[in-house]
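The values are calculated or read from the model by the stated rules, or taken from the named source; none is laboratory data. Computed from a predicted model, the values in this text were never measured in an experiment. Don't worry about glycine lacking a Cβ; one is built from the backbone with ideal geometry, like all the others, and counts go over all protein chains shown. In case anyone asks, the SASA skips ligands and DNA or RNA and just uses the protein heavy atoms, side chains included. Shrake-Rupley method; radii C 1.70, N 1.55, O 1.52, S 1.80 Å.
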Amino acid sequence: LPWWWQPQPEFHTSPAAGEAQAQAQAWSLGWPVARASGARSLEARASSRRTVMRAWSLLLVAASALGAAGDSRRGGGSGLPVAATQLNAAPLLSLDKAIAGALAGGFSNGLLHPLDTLKTLRQSDGTKYTSVARAAAALYQRSGLAGFYRGVVPAVLGSMPSSALYFGTYEFMKARLLPQGEEARRRMTARRRVATHAAAAASGNVASSMFFVPKEVLKQRAQVAGTGMSQALVSVLRERGVTGLFAGYTAVLYRNIPSAIIRFSVFEEIKHKFELEPQASQTPALLAAGAVAGAVSSFCTTPLDVVKTRYAIGALGKHVGVPAALYQIGAKEGLQALWAGCLPRMAMSGLFTGVGFTSFEYFKAQMRRLHDDADLENL
């Protein structure tokens, strides 16, 4: 196994030897080790690098699957390699869905960024920003309208590759797990549908978090400090090095995987129940389905989102785990602090999910239409 999947290695007793070992291990990956503070142990730095590399290896697996496999229908649905004459066309449908996901992610994040800024401020300090209205007033007094769009650039740019992997991996896994043929899919039990969408959603989150986490760290640093993206990047690198960009990665997975399972399962079941399609006449119904799915999942995972935000802005210790962070916040600030910003987050999540899922269905349909038109021209 690669070293980042293996158990924690034993370090030399000599500090100089241990530093040399850590440096050699990091340089073998092609990046320099950031200068650590005196309080930061070699074991902690190695653990951080290992976490990053585990996530990176999962990303490579997902990206390889997206690029190489394509759509199973291209190969006759058997899972066998496609014919040589079809190799160039095989990945096209998966690529189409990844592009649709990128467009949907950028559109929804740019449109709804001011709401996300208020949510971040509310969660960053529950005693200072006791309500969303107070956070909005303080932000406007400090930075004007421009303050509501602090961090919008990393939010949009970071959401596009992460959404491409998110939706692309989700659709790829869903196509592999669902039975072939409309009739067979209609006969599926609700339990099997939910299990299929849960597995696909979890896969998409693991892959997309490699882009999502650094984007969130920079965006939230910029929102809380009132600085630009470049200043936030310099601040993170100076304080924690490269691995600081992945602060809260575990908390993100703790939050996003169950959130995505709930969100996609509810949305797909509503689509199945009411036979919703990406048509103009059904756009309000798709928006409503996405809003319900987003609100339900948001309520269930708000405590984990609070922890993720505290990690991202550096309000928690480097070695505090997610369960300990939940206890620490609840004991110090009260249980209500774990649901800080819950209502606006539910509203925002409903809007994000409604707009994001609906726009993804629309862009996916447009990409499929373009692909079908290209096929007709080649006949």
Query raised in the report: For the range 332-346, what are the residues that are more than 15 Å from Thr130 (Cβ to Cβ) and either at pLDDT below 85 or open to solvent by 70 Å² or more (accessible area, probe 1.4 Å) (or both)?
Result: Lys332, Leu335, Arg345
Query raised in the report: Is the range 278-300 home to any residue that is in a loop (DSSP other than H, G, I, E, B), in contact (Cβ under 8 Å) with a residue 24 or more places away in the chain and more than 30 Å from Gly126 (Cβ to Cβ)?
Result: yes
**Report entry** Gln223 vs. criteria of a type in the set (S, T, N, Q) and touching a Gly at 6+ places or on another chain (Cβ under 8 Å)
**Finding:** yes
Requested in this report: Test Glu239 against the criterion of being in a helix (DSSP H, G or I), of a type in the set (Asp, Glu) and surrounded by 23 or more Cβ atoms within 10 Å (Cβ to Cβ), and give yes or no.
Outcome: no
Report task. Please tell me if Ala324 is open to solvent by 40 Å² or more (accessible area, probe 1.4 Å) and in contact (Cβ under 8 Å) with a residue 60 or more places away in the chain. Result -> no
Report summary line: Expected single match for of a type in the set (A, V, I, L, M, F, W, C), crowded, with 23+ Cβ neighbours inside 10 Å and out of contact with any Phe, Trp or Tyr (no Cβ under 9 Å at 6 or more places or on another chain) among Ala222, Ala232, Ala200 is Ala222
**Report entry** Pairs with Cβ under 7 Å, 6+ apart, first in the range 236-259 and over 12 Å from Phe212 (Cβ atoms), second of a type in the set (Asp, Glu) and modelled with pLDDT under 85
**Finding:** none
Query - Of residues in the range 122-136 being more than 20 Å from the chain's Cα centre (by Cα), assigned to a helix (DSSP H, G or I) and in contact (Cβ under 8 Å) with a residue 24 or more places away in the chain, the one surrounded by the fewest Cβ atoms within 10 Å (Cβ to Cβ) - result: Val132
